[in-house]
Amino acid sequence: MQHKILSGAVMALLGLFAVVSLGAGRGTDSFKVYLNNKLIHEQYVEEKVPLDLLQLDESNINDRLTFHYSHCGRIGTGRKLAVKDAAGKTLREWKYADAQGKQSGMAIPVKEVLQLRQQNVSFFYTATELPKGQQMASFRLHSSTTSWVPGEPVLALLC
């Protein structure tokens, strides 16, 4: 009788281990957003993050945004970033060469984003590995305000 209980417990633990092992590799995509080489946000795609907005204005005209997306520790191929307006219309798209080594950064001059003359825009990443895409960030663009005020929300990310 004890042998059956012990055997059942061992089988249950092995089953649980198998389920955990199979699920461990899923959902580990992550991304980072930098402004002028300063990390401003890092997130695993599974995480639920409240919607906030990064504010950019003409004081950021010479700045650069850089996005990094990791597919379970690997850099994607056929990578693109698209900027969309509030209605979901693509305003601009950038295509990136397949990365060599660990250089996965997808850089965009803030000047190019401000030239879109939109109030709110969102960045979407797509790649061969992620054809449906992933929203990475949303930005509130202003023509004559400060770029960031302490205590104000900084970044918008959706899962």
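Counting only heavy atoms of the protein chains, get the accessible area per residue of segment 67-143 (1.4 Å probe) and round it to a whole Å² value.
Computed with neighbouring chains in place, this is 53 Å² per residue.
Ordering Lys38, Lys32 by how much accessible area each has at a 1.4 Å probe, largest first, what is the list?
My answer, sorted largest first, is Lys38, Lys32.
If I model a spin label at Lys80 and Leu39 as a point 7 Å from the Cα along the Cα→Cβ vector, what separation in nanometres do I get?
Distance between the two pseudo-spin positions: 3.0 nm.
Which value, in Å² rounded to 10, gives the accessible area of Glu46 with a 1.4 Å probe and all protein chains present?
Accessible area, nearest 10 Å²: 120 Å².
Report the number of Lys pairs in segment 67-139 whose alpha-carbons are under 18 Å apart, with separation of 8 or more residues or on distinct chains.
Going through segment 67-139 pair by pair, I get 10.
Which order do Arg74, Arg92 take by accessible area at a 1.4 Å probe, largest first?
Of Arg74, Arg92, the descending order of accessible area is Arg74, Arg92.
The values are calculated or read from the model by the stated rules, or taken from the named source; none is laboratory data. Everything numeric in this text was worked out from a predicted model, so none of it was measured. So basically every Cβ, Gly included, is an ideal-geometry build from the backbone, and we count neighbours across all protein chains shown. SASA here: full protein model, heavy atoms, side chains in, ligands and nucleic acids out. Shrake-Rupley method; radii C 1.70, N 1.55, O 1.52, S 1.80 Å.
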